[in-house]
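Below is one structure, written out as structure tokens; comments come after it.
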Amino acid sequence: MNGRMDGSVQAIGYHGPPPWQWADLVTSWTAEPLVLTLAVLLGGWYLYAVRTVTRAGAGAGAGAGAGAGTGAVSGEGWQPTRAAAFLGGLLLWVWATCSGLGVYERVLFTDRAVQVVLLLMLVPLLLALGAPVSLLVRSSPPARRERILRALRGRPSKVLMFPAVSTALLMAPPWLLYFTPWYQESLASGLGNAALHLVLVALGLAYFWPRLQIDPVGHEYPHLVGLFITFAEVIFDAALGLVLIYGGHLVAGHYYEALGRPWGPSPAQDQTWGGNVLWVLGDLVGLPFLVALVRRMIVQGREENAAVDAALDARFEAAAAEAKAAGGPAEEEQGMRPWWLDDPGLRHRFGGPS
């Protein structure tokens with residue numbers, strides 16, 4: 001965006017920030033008390049919980065309490081990559097609301113569009129990759145741990161994490177934001193603006209938590225379902241962008257015209273740029289999720305294969321030990337022989353009797 005103009009140019013009644021420049025992303029700052037407070041509290045809790053888990057080590061009770069397949073347990077302590085993702089998500093949340101994006105969020109449509117994508121998709125993704133629920137479970141006393149897991153197995157949790165429900169929580173908010181009074185309220189009211197910063201992150205978490213299945217979930221389903229949903233989400237992003245670009249409806253037009261901003265694009269041009277941001281940036285931000293989802297599928301597949309191999313090895317060893325102790329027939333005579341030795345089309349290739 002090229003919003004540079006002579007800072008002395010002002011219109012009567014305009015009391016907003018000076019012309020936007022790229023440097024404002026790192027040099028202009030504002031305070032968002034709600035986000036700052038939550039970031040400090042959540043970051044402090046996370047570090048304290050990591051310290052608790054690290055001190056306790058990988059106890060049998062804690063490991064079992066986190067549940068199989070959470071992906072957050074790594075022998076002793078806590079995975080540093082989990083902590084880096086969660087803390088990075090908090091820092092990005094603060095930056096998206098307190099940096100230049102926060103300064104111009106109620107002045108430029110495009111600025112708000114970038115912020116919406118970050119708060120709804122990238123910040124929740126990083127927070128979910130931090131596995132905060134697994135950390136909460138592992139750092140809690142046994143009684144509280146059981147209550148948490150019981151709540152996750154309850155009906156409300158299963159309904160919230162059902163694929164159609166969690167998907168709607170990500171796809172619907174952008175449409176509701178731009179085509180209901182919600183957007184106007186977020187611009188005109190400081191409280192509405194602060195609530196938007198919180199609600200978008202919460203809705204994004206409700207989507208990425210069951211999608212990644214790193215933390216314990218109330219409703220498990222194949223990761224391939226998540227891939228298909230991601231492609232559907234790409235279509236919804238494109239549709240929203242196209243409607244904003246070519247739909248002919250100026251979102252919050254009266255608000256932007258009343259600002260009397262003497263620099264930068266016109267409200268119509270600003271919305272065109274913002275529609276492109278929601279379309280293109282939304283799809284680009286979705287790429288890290290696809291990478292994380294595919295990686296999770298690979299890791300889970302390896303874990304399942306290792307578990308099956310271990311179970312088969314234990315079965316063969318138990319059968320061999322039992323046969324040896326009883327002086328009975330060998331394991332092959334007990335039906336433990338490989339199936340291909342009894343297949344008419346394959347047994348001659350592997351030394352089986354013809």
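The values are calculated or read from the model by the stated rules, or taken from the named source; none is laboratory data. This is a predicted model, so every value here is computed, not measured. Glycine also receives a Cβ, built like all others from the backbone with ideal geometry; neighbour counts cover every protein chain displayed. Quick note on the areas: whole protein, heavy atoms, side chains included, nothing else; ligands and nucleic acids left out. Shrake-Rupley method; radii C 1.70, N 1.55, O 1.52, S 1.80 Å.
How many residues does segment 138-192 contain that are closer than 30 Å to Asp237 by Cα and among the basic types (Lys, Arg)?
1
If I go through segment 155-181 residue by residue, how many of them are open to solvent by less than 20 Å² (accessible area, probe 1.4 Å), under 30 Å from Trp78 (Cα atoms) and either outside any helix (DSSP H, G or I) or of a type in the set (A, V, I, L, M, F, W, C) (or both)?
So the answer is 2.
Take Ala72 and tell me if it is open to solvent by less than 20 Å² (accessible area, probe 1.4 Å), at pLDDT below 90 and touching a strand residue (DSSP E or B) at 6+ places or on another chain (Cβ under 8 Å).
yes
Considering segment 20-46 alone, what residues qualify as being more than 27 Å from Pro80 (Cβ to Cβ) and either surrounded by fewer than 17 Cβ atoms within 10 Å (Cβ to Cβ) or basic (Lys, Arg) (or both)?
Residues satisfying the conditions are Gln21, Trp22, Ala23, Leu25, Thr27, Trp29, Thr30, Ala31, Pro33, Leu34.
Just one of Leu108, Leu90 is over 18 Å from Leu187 (Cβ atoms) and modelled with pLDDT of 95 or more; which is it?
That would be Leu90, the only listed residue that is over 18 Å from Leu187 (Cβ atoms) and modelled with pLDDT of 95 or more.
Looking at segment 182-205, which of its residues are open to solvent by less than 50 Å² (accessible area, probe 1.4 Å) and out of contact with any Pro (no Cβ under 8 Å at 6 or more places or on another chain)?
Across segment 182-205, the qualifying residues are Tyr183, Ser186, Leu187, Ser189, Gly190, Gly192, Asn193, Ala195, Leu196, His197.
Quick check on my filter: what residues within segment 81-113 are more than 16 Å from Leu196 (Cβ to Cβ) and of a type in the set (D, E, K, R)?
Selection gives Arg82 alone.
What do you reckon, is Asp270 modelled with pLDDT of 95 or more and closer than 20 Å to Leu176 by Cα?
Yes: the conditions hold for Asp270.
Whether any residue in segment 48-65 is modelled with pLDDT under 50, of a type in the set (A, V, I, L, M), within 18 Å of Leu129 (Cα to Cα) and in contact with a strand residue (DSSP E or B) (Cβ under 9 Å, 6 or more places away or on another chain) is what I want to check.
no
Go through segment 230-250 and count every residue that is under 19 Å from Phe109 (Cα atoms) and either of a type outside the set (Val, Ile, Thr) or open to solvent by less than 50 Å² (accessible area, probe 1.4 Å) (or both).
Selection size over segment 230-250: 13.
So that you can scan it fast, the table gives a plain yes or no per residue for (1) open to solvent by 30 Å² or more (accessible area, probe 1.4 Å); (2) in contact with a Pro (Cβ under 9 Å, 6 or more places away or on another chain); (3) among the aliphatic types (A, V, I, L, M); (4) at pLDDT below 75:
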site	(1), (2), (3), (4)
Leu290	yes, no, yes, yes
Phe316	yes, no, no, yes
Glu332	yes, yes, no, yes
Pro338	yes, no, no, yes
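For segment 277-288, enumerate the residues that are at pLDDT 75 or above and in contact with a helix residue (DSSP H, G or I) (Cβ under 7 Å, 6 or more places away or on another chain).
Of everything in segment 277-288, those that are at pLDDT 75 or above and in contact with a helix residue (DSSP H, G or I) (Cβ under 7 Å, 6 or more places away or on another chain) turn out to be Val277, Leu278, Trp279, Leu281, Gly282, Asp283, Val285.
Is one or more of the residues making up segment 146-167 under 14 Å from Tyr207 (Cβ atoms) and among the small types (Gly, Ala, Ser)?
yes
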